Amino acid sequence: MDHKEVFELLPAYLDQELGLSDAIAVERHLGNCSECQHELDLQSGVTAQLKKDVAYFKAPTHLAHRIKAALPGERSPSTRFKNWNFNWLNAGAVIVTLLAVVWSGTLYLSLPSAQERLTEELVSSHVRSLQVNHLSDVVSSDRHTVKPWFNGKLDFSPTVVDLAPQGFPLVGGRLDYLDGRSVAVLVYRHNQHPINLYNWPSTDRDAAPQVQNRQGYHLVRWVGGGMEYWAVSDLATEDLESFVGTLRSQG
C-alpha cells in the first residue's frame, strides 16, 4: 500500500472502519511516514474537539438590554432573557452538529471505492514488475511448463493459453498479492510490450470486458467461468482488446 492510498484511508482508520489487513498496512506505513502520522494527529484533534467542545454564546450586557427592551411585555424580563439565552445555545449546538455532519460526509465521499483501490493496486503491481525487471518467476513460452509451476502455490489452477500464433506469445508467469489474496499473473508480449494477465477465483456473475485507463496504462476487466481477469498493459487500447478477445475465444 503506497503513501497516497494510506493518506486517503486515514479517516476510515481513525473511525475504525477498515478491515484487519488494511488496518495493519496503514499502521505499518504510519510507523515510517511522519507526514501521514502528522495528518492522523490533526484529524484526531479535530474529532476530539468536535466531541468535547460545543460553542456557547453569551450575549454582551448592552445587547441583552436592547433585546429585552424590544420584547413584548407580557413576560417578565428574567424569563425573556433565559429563553433568548437558551435559543442561542440551541443554535450553537445545531451549527456544530451540522459542521460535523458536513465534515464527515466530505471525508466519506472522498474515500476511494473498493474497485478503485483494486485498480490502483493493479497499476502499481504492473509498474513494479517493469521497474525491477521481475515480470516472471517462471520464464517459459511452454504452457505445460508455466501451468504446473503454480501447483501448490495457489488454491486454484489458472488457465494457461499460448497465443503465439495470434501474435501474443506467452513468456512466463509469477505470483502476486492483490486485494488481500494471492493471485496468478500470466505474462504475454506483443511487439515488445508486456501484458500482465491477473486472474483469481470470483463469485461475481459473468461480466463482459470493460476498459479502463489509469496513469497512462490500459486495463481490461472481465469475469467468466468463476474467475476474475484483469489485463494490464501500455498497449494501445485496440491491441489490448484484441488480446482479450483472442484469449476469450480460446477458452
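Take the range 158-205 and flag every residue that is under 28 Å from the mean Cα position of the chain (by Cα), more than 22 Å from Ser21 (Cα to Cα) and among the polar types (S, T, N, Q).
Asn196
Give the residues of the range 146-163 that are touching a strand residue (DSSP E or B) at 6+ places or on another chain (Cβ under 7 Å) and not aromatic (Phe, Trp, Tyr), sorted by residue number.
Step one: of the range 146-163, the residues touching a strand residue (DSSP E or B) at 6+ places or on another chain (Cβ under 7 Å) are 146, 149-150, 153-154, 156, 158, 160, 162-163.
The answer is Val146, Lys153, Leu154, Pro158, Val160, Asp162, Leu163.
Hey, any hits in the range 118-139 for a residue that's at pLDDT 65 or above, of a type in the set (Ser, Thr, Tyr), surrounded by fewer than 15 Cβ atoms within 10 Å (Cβ to Cβ) and outside any strand (DSSP E or B)?
Looking through the range 118-139, none of the residues is at pLDDT 65 or above, of a type in the set (Ser, Thr, Tyr), surrounded by fewer than 15 Cβ atoms within 10 Å (Cβ to Cβ) and outside any strand (DSSP E or B).
Can you find, within the range 213-223, the residue that is nearest to Gln250 (Cα to Cα) among those that are in contact with a helix residue (DSSP H, G or I) (Cβ under 8 Å, 6 or more places away or on another chain) and either buried (at least 17 other Cβ atoms within 10 Å of the Cβ) or at pLDDT 95 or above (or both)?
Trp222
Outside any helix (DSSP H, G or I), in contact with a helix residue (DSSP H, G or I) (Cβ under 9 Å, 6 or more places away or on another chain) and not acidic (Asp, Glu) - does that describe any residue in the range 238-246? Explain how you work it out, then say what you get.
Initially, the range 238-246 is screened for residues outside any helix (DSSP H, G or I), giving none.
No, the range 238-246 contains no residue that is outside any helix (DSSP H, G or I), in contact with a helix residue (DSSP H, G or I) (Cβ under 9 Å, 6 or more places away or on another chain) and not acidic (Asp, Glu).
Does the range 159-177 contain any residue that is surrounded by 17 or more Cβ atoms within 10 Å (Cβ to Cβ), of a type outside the set (Lys, Arg), free of Cβ contacts under 8 Å to residues at least 60 places away in the same chain and not in a strand (DSSP E or B)?
Yes, that holds for at least one residue.
Can Gln215 be described as over 23 Å from Pro165 (Cβ atoms) and among the polar types (S, T, N, Q)?
Working: over 23 Å from Pro165 (Cβ atoms): yes; among the polar types (S, T, N, Q): yes.
Criteria met by Gln215.
The values are calculated or read from the model by the stated rules, or taken from the named source; none is laboratory data. All values derive from a computational prediction rather than experimental measurement. Neighbour counts are summed over all protein chains in view; Cβ atoms, including those assigned to glycine, are modelled from backbone coordinates with ideal geometry.
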